[in-house]
Amino acid sequence: MKRLSVQFTQPRKIRLLDETISAPGPGEVLVRTVVSGISSGTELLIYRGQWPGDLPVDETIPALGGRFAYPVKYGYSAVGKVVELGAGVSPEWYGRLVFAFNPHESCFITAVENVIEVPEALTAEQAAFLPNMETAVSFLMDGRPIIGEAVVVFGQGVVGLLTAALLARLPLGGLFTLDNCDLRREKSLELGAEAALDPTAPDAVARLEERLSAAGTDGSADLVFELSGNPAALDQAISVTGFAGRIVSGSWYGAKRADLDLGGRFHRGRISIISSQVSNLDPRLTGRWTKTRRLGLALRMLARVKPERLITHRLPVSRAAEAYALLDESPHEAIQVMLTYEENL
């Protein structure tokens, strides 16, 4: 069987591979992809050549194992239909719509335990947001927002927007977001932020402090999420966090370095910076929570938030190079870009 795959060959270079794959083996399934979502965070770091060479691509996802080196396939948000079963796989799997953490390929073979059945309440496009929603859920679990708190989110890419959407469902004292893209700020307000500010504006911090004061604080935030992918934003997050406040650092900067002022405000302010990454759970939660339970929660949140409204572009996989160039060169025009596999619909 033939398939079309996306491969990164060097920084900002994409090629399409025509490959031949065999039939699924024992315990495996063949999935024909319907859609796959492009990550504008981690995935763009690989596209731009900003992935640290000494770091594995992903130790927790079988399809992405090994050290980073070009050429490489990447992607972790594929949704498709099971069209062939290997020996020992229950016939009930045939024809099911499933999600898999898999690179951008028109079809792929994987162990049946590596696919997640998509609930009937979700469309294929909604299910493609599962990794981002699970990440957003993980951020809230690590940040532990408290009733009445004033919360700030830096970065309104897909993950930042989903995080804001979840936070907006809580009885907070205020929810304020920052992003330098007009389109993303508009979506942030639509999803429930009380104010969405441009962090590059000269008066951005002053305006944010006014909003925080109106929320009942001393002009500083109780809880801040830094999700922009911009190292400079972490220093800005410290500047708006109040005494004993928490900063959840969910950005992945790759090879980029963060220049932080850890002087008086941070040192005397008892500010906590919490590293948050979705591949594991906070050990304090593992007595009750498992990754399976968290994943189920993320699936339920997809049905409530309806994230397909964040899709700005749908492009066939044959135009993958154009899709990455769009996210890289014109980020203000795109939020979520989906690759489609029209021959599989």
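Condition check ((1) among the β-branched types (Val, Ile, Thr); (2) touching a strand residue (DSSP E or B) at 6+ places or on another chain (Cβ under 8 Å); (3) over 14 Å from GLN126 (Cα atoms)) across all residues:
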{"site": "ASP259", "(1), (2), (3)": "no, no, yes"}
{"site": "ILE271", "(1), (2), (3)": "yes, yes, yes"}
{"site": "SER275", "(1), (2), (3)": "no, yes, yes"}
{"site": "ASP282", "(1), (2), (3)": "no, no, yes"}
{"site": "ARG300", "(1), (2), (3)": "no, no, no"}
{"site": "LEU310", "(1), (2), (3)": "no, yes, no"}
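Mind telling me which of the residues SER275, SER330 ends up being among the hydroxyl-bearing types (Ser, Thr, Tyr), assigned by TED's automatic domain parsing to the domain that holds GLN156 and within 21 Å of GLY155 (Cα to Cα)?
SER275
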Quick check on my filter: what residues within the stretch 113-127 are assigned to a helix (DSSP H, G or I) and either on the phi > 0 side of the Ramachandran plot or in contact with a strand residue (DSSP E or B) (Cβ under 7 Å, 6 or more places away or on another chain) (or both)? ASN114, ALA124, GLU125, ALA127
Matching residues, the stretch 301-345, being within 22 Å of GLN50 (Cα to Cα), hydrophobic (A, V, I, L, M, F, W, C) and not in a strand (DSSP E or B): ALA320, ALA321, ALA323, ALA325, LEU326, LEU327, ALA334, ILE335
Answer from GLU149, GLU120, GLU113, GLU92 - the residue that is surrounded by 17 or more Cβ atoms within 10 Å (Cβ to Cβ) and either closer than 28 Å to SER188 by Cα or at pLDDT 95 or above (or both): GLU149
Within the stretch 207-214, can one find any residue that is out of contact with any Pro (no Cβ under 8 Å at 6 or more places or on another chain), free of Cβ contacts under 8 Å to residues at least 60 places away in the same chain and closer than 30 Å to VAL31 by Cα? no
Taking the condition crowded, with 22+ Cβ neighbours inside 10 Å and over 27 Å from THR340 (Cβ atoms), does LEU191 pass? no
Do we have any residue at all in the stretch 38-51 that's at pLDDT 95 or above and either among the β-branched types (Val, Ile, Thr) or under 22 Å from the mean Cα position of the chain (by Cα) (or both)? yes
Looking only at the stretch 136-175, how many residues end up being free of Cβ contacts under 8 Å to residues at least 60 places away in the same chain, of a type in the set (Gly, Ala, Ser) and part of a loop (DSSP other than H, G, I, E, B)? 2
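Check whether at least one residue in the stretch 293-308 is more than 16 Å from the chain's Cα centre (by Cα), among the small types (Gly, Ala, Ser) and over 30 Å from PRO11 (Cβ atoms), and report yes or no.
yes
So that you can scan it fast, the table gives a plain yes or no per residue for (1) without any contact (Cβ under 8 Å) to a residue 40 or more places away in the chain; (2) exposed (fewer than 15 other Cβ atoms within 10 Å of the Cβ):
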residue: ILE271; (1), (2): yes, no
residue: SER276; (1), (2): no, no
residue: ASP282; (1), (2): no, yes
residue: ARG294; (1), (2): no, no
residue: GLU308; (1), (2): no, no
residue: TYR324; (1), (2): no, no
residue: GLU329; (1), (2): yes, yes
residue: GLU333; (1), (2): no, yes
residue: GLU342; (1), (2): yes, yes
Here, helices (runs of 4 or more DSSP H) confined to the stretch 176-276 with at least 3 residues that are under 22 Å from ALA165 (Cα atoms) and within 24 Å of the chain's Cα centre (by Cα) are 182-191, 231-240
Could you grab me the full set of residues in the stretch 90-112 that are part of a helix (DSSP H, G or I) and either free of Cβ contacts under 8 Å to residues at least 60 places away in the same chain or not assigned by TED's automatic domain parsing to the domain that holds GLY27 (or both)? PRO91, GLU92
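The values are calculated or read from the model by the stated rules, or taken from the named source; none is laboratory data. Since we're looking at a predicted model, the values are computed, not measured. Every residue, glycine among them, receives a Cβ derived from its backbone with ideal geometry; neighbour counts consider all protein chains shown.
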